[in-house]
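Reviewing the structure listed below.
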Amino acid sequence: MRKKSPPKSIDPDSSIFLLFHKIEQKINSILNSILEKYNITPRQYLLLQAIDYLAGTTQIEIQNKTNIDRTTVSHLVRKLLDKELIKMEINYTDSRVKNIRITPKGRVFTRKIQNKIIRAEEEFLATLNLAKKDRFIENLMKNINQ
């Protein structure tokens, strides 16, 4: 027999923040199950995806795109360099700046993972019965950027 809740107590399942936390845990589990097969962490993959998208980027641009702090970005860049998924080149206009590019190996690697993640996202969103993925993402981004 379940005990009666105290007066004015609120069921945690009615909290939108708790629900988002539970969804985040589920998403992380799905993402980790994909990425562990490729021996890459979620943050390494996020950086790799940003470097691919921002072609010839800098660490500052990567920080801005991913919202990951400078020290962590620097550490992740070193890891991706060690895996030969990216390369670093001196900027011809300012030798203090290093341009970061994805390697051909890194691009093939990224595309393999992207395809699996896109399928997983579609399956996940189908369970939410959302008619428009783009609109959902747009609304989330508006909230994040406020």
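Throughout, read-outs are computed from the coordinates displayed, never taken from laboratory work. Quick caveat, the model's predicted, so the values are computed rather than measured. Backbone-built Cβ (ideal geometry, glycine too); neighbour counts: all protein chains shown.
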Per-residue Cβ neighbour rank within 10 angstrom, fewest leading, 96, 70: 96, 70
Histogram of C-alpha separations across segment 1-73, 10 Å bin width, %: 16, 29, 27, 13, 11, 4, 0
Selection from 25, 95, 143, by position along the positive dipole direction of the chain (Cβ): 25
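Take 87, 22 and order them by how many other Cβ atoms sit within 10 Å, fewest up front.
Details: 87 16, 22 13.
Lowest count first: 22, 87.
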Theoretical ellipticity at 222 nm over the chain - DSSP helices of four or more residues, -39500 (n - 2.57) apiece, nearest 500: -20000 deg cm²/dmol
Alpha-carbon centroid distance for the pair segment 12-26 / segment 42-84, whole angstrom: 29 Å
Mean separation of Cα contacts under 8 Å (6+ apart) over length of the chain, as relative contact order %: 19 percent
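What does the convex hull of the alpha-carbon atoms of the chain project to on average, in nm²?
Numbers: hull surface 53.1 nm².
Answer in nm², one decimal: 13.3.
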